[in-house]
Amino acid sequence: MPDDAVQPTETLPQTDAEWQRRLTPEQFSVLRKHATERAGTSPLNAEKRAGMFACAGCGQAVYPADTKYESGSGWPSFYAPVDGSVATTTDRSWFMTRTEVHCARCEGHLGHVFEDGPAPTGLRHCINGAALKFVPE
């Protein structure tokens, strides 16, 4: 398998210090501290190649490139994840209730899901580019 192939790491960090050694400061802020990158800043917004988007924290495949679409939101958006790759929780921050999406393997914060997406699911997984890595086919 090529070095950049989607391949989950065998072990996951257990402490913030271990995560900080593995991730960039922006990735740590988003994945472990639930931050949100500024809209329109991720180079993954323009990614159009065939491949797979994986969790930047643990390498688990989370979104096939063919489920990505242009939502106009300023963040990479997908209408469906890889089966079993993400989980959701209720997020009541910022004086609103939203559905948070996180990696089912490492529990890293990926973004939020909204019910205003395209067919076939009607969902918009609005995901921080810093939480992802792209692996082309």
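Every number in this text was worked out from the coordinates using simple rules, so none of it is lab data. Keep in mind that what you see is a predicted model, and the values were worked out from it rather than measured. No Cβ is skipped: glycine too gets one built from the backbone with ideal geometry, and neighbour counts run over all protein chains shown.
Once backbone amide H atoms are built at 1.01 Å from N, L110 has V101, H102, C103 as its partners under 5 Å, excluding neighbours fewer than 5 places away on the same chain. Pop a pseudo-label 7 angstrom from the Cα along the beta-carbon direction at both T90 and A35 and give the gap in nm to one decimal. The answer from the label model is 2.8 nm. Of the trypsin sites (Lys or Arg not before Pro) in the range 105-136, not one is in a loop by DSSP (not H, G, I, E or B) with at most 11 other beta carbons within 10 Å.
Using a Förster radius of 25 Å, what is the FRET efficiency between T97 and Y69 based on their Cβ-Cβ separation? Nearest 0.05, please.
Efficiency for this residue pair is about 0.50.
Just going by the charge dipole of the chain, with Lys and Arg at +1 and Asp and Glu at -1 on Cβ, which of P43, W19, T97 is farthest out on the positive end? Toward the positive end, the furthest listed residue is T97.
For the chain, the convex hull spanned by the alpha carbon atoms encloses 113 Å³ per residue. A simple spin-label model places pseudo-atoms 7 Å from Cα toward Cβ; at E107 and T24 they are separated by 2.6 nm. Between the residues S71, G122, F53, the greatest Cα displacement towards the positive end of the dipole of the chain, with unit charges on the Cβ of Lys, Arg, Asp and Glu, is found for S71.
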